[in-house]
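Data first, discussion second: the structure below is written as structure tokens.
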Amino acid sequence: MVIALVLLGSMYSVYSSHYNSFKVQEQVAEAQQNARAALQLMSRDIIMAGYSTATGIIFANITSLTIKSAATQTSYSRYSSARIGRSSGGTRQAVAESVKGISFKYRDGAGNLLTPDGSGNVAVGIVRQILVSVTTGTPVFGSYSASCTLETTLSPRNL
Amino acid sequence: MNVRLVETKGFTLIEIMIATLVFSVALMGIASLAVVVIRGNFISKQISTATALSQQKMEEYINKGYSNFSTGAVTENYGSITAADGSTALYSGYKRVSVIQNGPIANTRTLNVSVYRQSDNASASFSTIIAK
């Protein structure tokens, strides 16, 4: 009886460790998918900045960005602490969930990084390249947290 | 008659203990499988990070354009690759070496980015050609 109990206990512990590892991997995959999808959506919009309009970038901050393509203004920022929102034509929609961080950096025509001012803004007129970085992830078990950081450089051809 | 009676008594303690031993060996096999799987997952995450880091560097050079960088090697050692938030802790276990050479034909440059992992010194290497 005791031997059987010990055996059953060890079987359960083996099973639960396998299950935990499976759950963690699921979260890691989800974090990667979230980051990839968000970055792809943002790239598609941001690359069109300046198309058929005089000012392609309306507002450039280290945590948010508003671009203009033809007559449409589109802005991206983090909201509700863990989402990336896309505002276009007045309505805001979530494009990514469980976001830990989003940041923008900017380069001028010579490839130099622009230094943001005290409130994180950069001069919109000289921006030629945008570096977008997205970190996604959620705390899973105890100290382990699944997270994924992806970064991309965008050169809108109409700026 | 006597022999038959002994046979119908069931298992002895010794037999059960041997069976338990055999079973626990099998259980240990499954447990060690978990260790291998977790290690594999960890390595695959490191490879994903290394790939993202080298892709990021390549995009940086491609977007800079041919005339805005020169040939040579740039090494970002362990602990010097900064994340978007300015911290170096996230990528402290990675080293990135970017090598730019002229060629293979006139007015082109070959860019090779290798990202090394500190844990096992294995690397993810990518290269591309940038034209003038």
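Please treat every number below as a calculation from the coordinates, not as lab data. The model shown is predicted, which means the values in this text are computed figures rather than measured ones. So basically every Cβ, Gly included, is an ideal-geometry build from the backbone, and we count neighbours across all protein chains shown.
Before moving on, here are some points about what is shown:
- Sorting the segments B:35-41, B:124-130 by their residues' average number of neighbouring beta-carbon atoms within 10 angstrom, most packed first, yields B:124-130, B:35-41.
- Relative to the longest principal axis of the Cα atoms of chain A, helix A:2-46 runs at roughly 10 degrees.
- A straight chain from B:Val35 to B:Thr75 at 0.36 nm per residue would run longer than the Cα-Cα distance by 11.0 nm.
- Full extension of the segment from B:Thr108 to B:Phe11, taken as 0.36 nm per residue of separation minus the current Cα-Cα distance, would add 26.9 nm.
- Measuring nothing but how far apart in sequence close Cα pairs (under 8 Å, 6+ apart) lie, relative to its length, chain A scores a relative contact order of 24 percent.
- Potential extension, A:Ser119-A:Ile3 segment - 0.36 nm per residue separation minus Cα distance: 35.1 nm
- Using every pair of distinct Cα positions in the protein assembly as shown, the Kirkwood expression returns a hydrodynamic radius of 22.8 angstrom.
- Chain B: Cα Rg divided by the 2.2 N^0.38 Å rule of thumb: 2.03
- Remark: mean inter-chain Cβ contacts per residue of B:58-65 equal 5, using a 10 Å Cβ-Cβ cutoff to other protein chain atoms.
- Residue with peak Gaussian network fluctuation, chain B [Cα springs, cutoff 10 Å], from B:Gly103, B:Gly29, B:Gly72: B:Gly29
- Unit charges at the beta carbon, dipole of segment A:30-123: most positive-side option, A:Ser69, A:Tyr106, A:Ser81: A:Ser81
- Two-site label geometry, B:Ser67 and A:Arg44: point separation in nm, points 7 Å out along Cα→Cβ: 3.4 nm
- Rounded to the nearest 20 debye, the dipole size of chain B about its Cα centre is 240 debye, using +1 on the Cβ of Lys and Arg and -1 on the Cβ of Asp and Glu.
- Sparse-neighbour loop sites [chymotrypsin sites (Phe, Trp or Tyr not before Pro); segment B:1-101; at most 11 other C-beta within 10 Å; DSSP]: B:Phe11
- Summary value for segment B:1-97: 16 percent relative contact order, contacts being C-alpha pairs under 8 angstrom separated by 6+ residues.
- Average beta carbon contacts from partner chains per residue of A:8-20, 10 Å cutoff: 3
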